[in-house]
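So the structure is just underneath, and the comments pick up after that.
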Amino acid sequence: MDKNLIQRTISGLVYVAIIILCSTPLGAQLINSVFPGIIQQQYLYYGLMSLLLVVGTWESVKIMKFGKGYEKWVVFPMAIFIFYIFSKRYFHHDFFFDFRLSEILALALIGIAVVTLFKYPTELYYDSGKLIFTVIYVALPFSFALGLPKFSSYNDTFSLEVLFLFILIWSSDTFAYLVGKFFGKHKMAPKISPKKTWEGYAGGVVLTLVLSYFIEHYQPELRGNWMVVGFLVAAFAPLGDLVESQLKRNFGVKDSGNIIPGHGGVLDRLDSFIICVPVVYLYFILEKFI
């Protein structure tokens, strides 16, 4: 058997296991079965998002090849400060998904950063542009991700929105790949991601919606309507891949890193998550007004 395939399989299984353990009550239950009462699930999830933030920021700095100016040293404090602001809300259960102007502006900045990457890439050749893009592209999505799950320290509960978001992203990527491989003829973005096809995109949307139906039917306690969430994930997950591919293409980089052997870096594996989180978060805001 191909050694690279074995490596990819093992690291992929470890990656999935970490996501499951940190985004569901299983992680705390497993640890507390060995060391009773040592940790609550919300701390495992927070630790995971913190790690992804730090590694993702580092990878972005390497990809964009910061110069020797002050921006390289400011990017981490700025990213951590933004994450800290959301962290206070996370531990104080302050994510009410009301219409807050500051949140809407932050979500809009992510859209502006994506447009800048595709339409005005020369702006990112300046260290100031690299700094702003990294903070928006990495820090804001992982910060917003803190608002997706609900938890209670009193009855030791932790909701599963993040787990099912990952499942929908994985299903969208898998279905789009399989349908595109066997039926794909029309390239979606041949210069950025040659293997993506419109047929694969459509297949990913349809089959992810089918999975979303079962999630909505069997997990009614989740926030929002998961048929809508599934459609949003299937529609925007491919954009996440294109955004990261375009970023690497602009700076002549193949992979964002090698923290996941055989799969690349954090930005390679979570490119869809980075775009889907703000979209789903915005939906949860708008859903309260519908």
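The values are calculated or read from the model by the stated rules, or taken from the named source; none is laboratory data. All values derive from a computational prediction rather than experimental measurement. Cβ atoms come from the backbone with ideal geometry, glycine included; neighbour counts cover every protein chain shown. Surface accessibility is based on the protein's heavy atoms, side chains included, excluding ligands, DNA and RNA. Shrake-Rupley method; radii C 1.70, N 1.55, O 1.52, S 1.80 Å.
For this structure, a couple of remarks:
- Of the helices (runs of 4 or more DSSP H) lying entirely inside region 23-102, the ones with 3 or more residues being of a type in the set (Ser, Thr, Tyr) and touching a residue at least 60 places away in the same chain (Cβ under 8 Å) are found at 41-64.
- Note on region 33-54: among residues that are at pLDDT 95 or above, hydrophobic (A, V, I, L, M, F, W, C) and open to solvent by 10 Å² or more (accessible area, probe 1.4 Å), the one that is nearest to the chain's Cα centre (by Cα) is Leu52.
- Checked against the criterion of being open to solvent by 10 Å² or more (accessible area, probe 1.4 Å), basic (Lys, Arg), over 16 Å from the mean Cα position of the chain (by Cα) and at pLDDT 90 or above, region 227-249 contains one or more residues that satisfy it.
- Residue count for region 103-126 under the criterion of being in contact with a helix residue (DSSP H, G or I) (Cβ under 7 Å, 6 or more places away or on another chain) and open to solvent by 80 Å² or more (accessible area, probe 1.4 Å): the result is 1.
- Arg100 open to solvent by less than 40 Å² (accessible area, probe 1.4 Å), farther than 30 Å from Arg249 by Cβ and basic (Lys, Arg): no
- Identification of helices (runs of 4 or more DSSP H) wholly contained in region 138-256 with 3 or more residues that are without any contact (Cβ under 8 Å) to a residue 40 or more places away in the chain yields 161-183, 198-218, 226-250.
- Verdict on Gly184 being among the small types (Gly, Ala, Ser), open to solvent by 20 Å² or more (accessible area, probe 1.4 Å) and touching a Gly at 6+ places or on another chain (Cβ under 6 Å): yes
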